[in-house]
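For reference, the structure I am asking about is given below.
Quick note: the coordinates plus some simple rules give every number you see, no bench work behind them. Everything quoted here is computed from the prediction, not taken from an experiment. Backbone-built Cβ (ideal geometry, glycine too); neighbour counts: all protein chains shown.
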Amino acid sequence: MTIANNTVNPSAEVERTDLVTVTIDDLEVKVPKNTLAIRAAEQAGIQIPRFCDHPLLEPVGACRQCLVEVPDAGNGRGMPKPQASCTLAVADGMVIRTQVTSPVADKAQHGNMEFLLINHPLDCPVCDKGGECPLQNQAMSNGYGETRFHEIKRTFPKPINISAEVLLDRERCVLCARCTRFSEQIAGDPFIALIERGALQQVGIYEKEPFESYFSGNAIQICPVGALTSAAYRFRSRPFDLVSVPTVAEHDSSGAAIRADYRRGKVMRRLSGDDPEVNEEWISDRDRFAFNYATTGDRLTHPLIREDGELRPASWPEALNFAAEKLTAARGSAAVLTGGRLTLEDAYAYSKFARVALGSNDIDFRSRPHSPEEADFLAAAVAGTGLGTTFGDLERAGSILLAGFEPEEEAPTVFLRLRKGVRKNGTKVFTVASLASRGVEKLSGVVVPAAPGTEAAVLADLRSAGETGAAAKESLGADSIIIVGERLASVPGAYSAALRLALDTGAQLAWIPRRAGDRGALEAGCLPGLLPGGRLVTDPQARVDLQAAWGVDSLPGTVGKDTGEILAAAGSLQALVVAGVEIDDLPDPAAALAALEAAPFVVSFEVRNSQVTEHADVIFPVVPPAEKDGTFMNWEGRERSFPVVLQVPAAMPDVRALAALTQEMGLSLGFSTAAAAKKEYDELGRWDGDRAQEPTYQAGPALGAFDSTRLSTWRMLIDDSRSNDGEPHLVATARKPVAKISLTTSRRVGVTDGDELVVSTDAGSIRLPVVVTAMPDNVVWLPTNSADSHVRRSLHADHGSIVTIAGGNA
Amino acid sequence: MASVKESLWDPVAGFGVTFRTMFRKVFTEEYPFDKKPTAPRFHGRHQLNRWPDGLEKCIGCELCAWACPADAIYVEGADNTEGGRMSPGERYGRVYQINYLRCILCGLCIEACPTRALTMTNEYELADRSRESLIYEKKDLLAPLLPGMQEPPHEMQLGASEKDYYLGLTGAAAAPAEGGGNK
């Protein structure tokens, strides 16, 4: 939505040469040419009633509620009948009269409202939209108080599920087409459409294709009546007794603005916020619906201490004392694992705790496949770089190359912005991947085929990957962006190759991790070779700078161990501090569990019971994001601060628990609240001294250099992640897990579409229906963590691992 | 010096009212031994009404809670499921509480109720010893089952269709519940 500045700002008016002057209700406004009349009226402070109009959707003029009178169309002649202001572009000299000054427009609007209400049921008391319904509100402001319709209303069976999460009540629909336009224009899932004609026109779904969308919740939110409602929020509450708090979503690295509505200490629903810089007005279904994970009954409520092999409840002072004693003894031989759920403040607290209280650089936030190359890449190209590539850049880029990154599955907000760029600005999307996912198809993306493990070779020489690679290479330039995801950590040399490609072509490089806390943890120094603000552990100047700021005499100067090394060395370490790590996310969960058992002393900071708490010696219950304040740093490097949603007395966020623990150890963290931690972090600032060298790891073998079957895998947005617990409707919208192989490979194995395929390693096997698709030969694709397909747990495998495949009947 | 009238007659005259009243009917109410009926439209304790087949009229819409100036009502709606029907239609009130420590018996909730589920009885004895006992739950407020009524959950038993269900009841009591809602 572009609207010119209507305030007195001469310079801006001089700059804009395409302004036109229109008169709306005797007020003169200057707006850019082609502005819609309804937008121009908003500029003048006049609200015209509307249902179908939405600033982020293309105009359609479906509901006819926004009729205005146009006595002069700019050419001296008036328009003979009232016009829909949402499809009427203004012209210079146009005169518009809205319902405020024109009885004609007012009567037209009243008439149309009466028309819309003819078949609208009067079930407002049972409707979930009641109380926040544009139809209700505008019927009051722009409708007749009395009905003249005494005939029988058209009825449909109600409600029907159009997906597990979305309920459709066709009686209430006013046919504004917001949902169908959203699905087609924004999400790209056009499995919902207006069918039939006349009085029987209705919203329908294809019976053969299920309405599967990761963004269906947005259609519910923008529905101006109660026709689309959510199964999760059905009859849960009323707007008047909800308290709304603007906050930030915690399920991906986009930091989408959301609104949490709570009632009696429980979050009832979450809606999309409005942040044009980040997520505009859209969020993914996971951000919207997955918030019950902390209230499913396995929440930790008090500290626990292991005594004679059994966990027993303990008071905070006792548990702190117990842990502090052991950790003080373990100083210099203790390590910290922080998962991806932490806020920037919490991560900063862990980072400082590891260095100051444990005297160790053994800290790593990467609870997933990782590599030393990735750490070097992050230190060189990401940490301490501040706000880099933004969502706006994605939208305006000429071309985008994705490598090891599935936008729709890993960062849906990024996907929506990419799709906007593709639709509005003709952005070309290329992806270095083994196959075209549905998300990439919706971006009209071109696949540069790369078997798992060969992404580095392909990135190093795009032209080697056939025509599409050459086209990708051709398109890369100064207005291009290369997006690398966390999956490249499994491919040696891939980050180095991507960096070199960016340097050679002048393209921007953006790292988009999957989890919300990753960028913040990186900036806070939760890496073995990095201190807060991008300072290098090996840089004496940076250490001195930090020592002065922290008021400590010395900081450990050798690069510590990363997650893999910490787990490998767990038996020889004296203590392990684990915060929010899900064992099944790690490359080899069995080895990780063995490491936890081998570790002499494990301290766990957790919200819920987990596999880590089962092996912990002390457990501190910390709170989920809804009960604390803090900041998520999104992939752009933008700080996304959020307040406490649910005020819980004596809530212990990680930062407060760590401060107490440090104090118990006779030391001081220097802060005990998120706000104080943030202040200290801000004062510390980004390091402006020497940066790490760009990594120059060698790429692995190129395509065709192997003949055993390799595994290609990535996580789906809605999968068996524990953060989706407690929300069965959402989990039911997960895409059906399938294995994917190429035609040649399917012939070799002797399976066809729909047959079962068994993928196995020494550790175990996975059996899934197979889909034959265009992808490199001798590669099998599996979802990483979906139902019946837990690649890490069952196979102990990762992207690029060698697996065996066989037909299900063999 | 007071006159004769002032010193002799006035004291006697003052007792005149007393003497006169002695022979009148007494106003004293022998409450609680002798309970006097209230005015017919007295605002007393609430009642959640039922349809003649025993289904609850309350649809859990929370409009009563919305209307309440004292914030004394708490409602949670829920879905009528197959085999678990508590009220006609899609929705019923799963939780219904009125806090009589807060309630000012103004009757705005009764006006707000779109189904005439909530009405007031003439019962005025609303005193007790604990806070808990004065928060009335749905089970305390529901009207008793009259002959012919069956305790929900059960299916709608009046007429073959939903329309028949309501039209069969368009007596005086049920009139505002359906049909003319947009008047």
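Which angle from 0 to 90°, rounded to the nearest 10, does the C-alpha axis of helix B:10-22 make with the longest principal axis of chain B?
Helix B:10-22 sits roughly 40 degrees off the main axis of chain B.
Can you work out the base-10 log of I(q)/I(0) for the stretch A:387-513 at q = 0.16, 0.18, 0.19, 0.22 1/Å, using the Debye formula on its C-alpha atoms alone?
Taken in order of the listed q values, log10 I(q)/I(0) reads -0.66, -0.86, -0.97, -1.38.
Bin by bin, in steps of 10 Å, what percent of the Cα pairs in the stretch B:113-152 do you find, going until the bin that has the longest distance?
Spelled out bin by bin, the stretch B:113-152 gives 19, 47, 28, 5 percent.
While we're looking at this one, here's another question. For Cα pairs less than 8 Å apart in space and 6+ apart in sequence, what is the mean separation divided by the residue count of chain A, i.e. the relative contact order in percent?
12 percent
Could you tally the net charge around A:THR101, taking each other residue with its Cβ under 15 Å from the Cβ of A:THR101, Lys/Arg +1 and Asp/Glu -1?
-4
Over the stretch A:10-115, what portion of Cα pair distances is larger than 16 Å, expressed as a whole percent?
54 percent
For a distance above 23 Å, tell me the whole-number percent of Cα pairs in the stretch B:46-160 that qualify.
Beyond 23 Å sits 28 percent of the P(r) for the stretch B:46-160.
Over all residues in A:238-246, what is the mean tally of Cβ atoms on other chains that come within 10 Å of each residue's Cβ?
2
Enumerate the aspartates and glutamates that A:LYS352 could reach by cross-link, defined here as Cα to Cα under 16 Å, with residues fewer than 8 away along the same chain left out.
A:ASP362, A:ASP364, A:GLU523, A:ASP545, A:ASP553, A:ASP654, A:GLU664, A:GLU680, A:ASP682, A:GLU683
Which of the aspartates and glutamates could a cross-linker bridge to B:LYS138, judged by Cα under 12 Å and excluding same-chain residues fewer than eight apart?
Within the straight-line limit of under 12 Å, B:LYS138 reaches these aspartates and glutamates: B:GLU56, B:GLU76.
Additional query: Rounded to whole Hz and in sequence order, give me ³J(HN,Hα) for the stretch A:295-303 from the Karplus expression 6.51 cos²θ - 1.76 cosθ + 1.60, θ = phi - 60°, writing x for Gly and Pro.
10, 9, x, 10, 6, 7, 10, 8, x
Further question: Residue by residue through B:84-91, how many Cβ atoms from other chains fall within 10 Å of the Cβ on average?
Average neighbour count from other chains, rounded to a whole number: 2.
Amide H of B:HIS46 versus every other amide H placed in the peptide plane: which residues, excluding those fewer than 5 positions away on the same chain, fall under 5 Å?
Placed amide hydrogens put B:THR121 under 5 Å from B:HIS46.
Normalised by the number of residues in the stretch A:709-807, what is the relative contact order in percent for Cα pairs under 8 Å and 6+ residues apart?
So the answer I get is 41 percent.
So, one more: Averaged across A:117-124, how many Cβ atoms of other chains sit within 10 Å of each residue's Cβ atom?
Averaged over the peptide's residues, the number is 3.
Separation of the stretch A:171-209 and the stretch A:406-447 by C-alpha centroid, Å?
That distance is 24 Å.
Beta carbons within 10 angstrom, averaged per residue: use that to sort the peptides A:667-676, A:681-690, A:209-218, highest first.
Per-residue Cβ counts within 10 Å, averaged per peptide and sorted highest first, yield A:209-218, A:667-676, A:681-690.
Oh, and also: What number comes out for the charge environment of A:ASP753, summing +1 per Lys or Arg and -1 per Asp or Glu over other residues with Cβ under 15 Å away?
Net charge in that neighbourhood comes out at +1.
In Å, what Rg and Dmax follow from the Cα atoms of chain A?
Considering chain A through its Cα atoms, Rg and Dmax are 28.6, 93 Å.
Same structure again: Farthest toward the dipole's positive end in the protein assembly as shown, which of A:LEU527, A:ILE192, A:PRO49, given Cβ charges of +1 (Lys, Arg) and -1 (Asp, Glu) about the Cα centre?
The one lying farthest along the dipole's positive direction is A:PRO49.
Provide the packing ranking of A:752-760, A:287-295, A:391-399, i.e. peptides ordered by the mean count of other C-beta atoms within 10 Å per residue, highest first.
Ranked from most to least packed, the peptides come out as A:287-295, A:391-399, A:752-760.
A follow-up question, please. What is the spin-label model distance, in nm, from B:THR28 to A:GLU467 if the labels are put 7 Å beyond Cα along the C-beta direction?
Each label point is offset 7 Å from its Cα along the Cβ direction, giving 11.0 nm.
Quick one: Cα centre-to-centre distance for the stretch A:658-732 and the stretch A:85-121, in angstrom?
53 Å
On to the next question. With an 8 Å cut-off on Cα pairs and a minimum separation of 6 or more residues, tell me the relative contact order of the stretch A:149-294 in percent.
The value is 19 percent.
For the stretch A:107-258, place one equal point scatterer on every Cα, skip the solvent, and apply the Debye formula. What is log10 of I(q)/I(0) at q = 0.20, 0.21 Å⁻¹?
Values returned for q = 0.20, 0.21 Å⁻¹ are -1.40, -1.48.
Once you place label points 7 Å from the Cα toward the Cβ at A:LEU27 and B:ARG94, how far apart are they in nm?
In this crude label model, A:LEU27 to B:ARG94 measures out at 4.6 nm.
Please work out the FRET efficiency for the pair A:GLN611 and A:ARG77, using the Cβ-Cβ distance as r and a Förster radius of 60 Å; give the result to the nearest 0.05.
After rounding, the FRET efficiency stands at 0.20.
Related question: Considering only the other residues whose Cβ falls under 12 Å of the Cβ of A:GLU171, what net charge follows from Lys and Arg at +1 and Asp and Glu at -1?
+2
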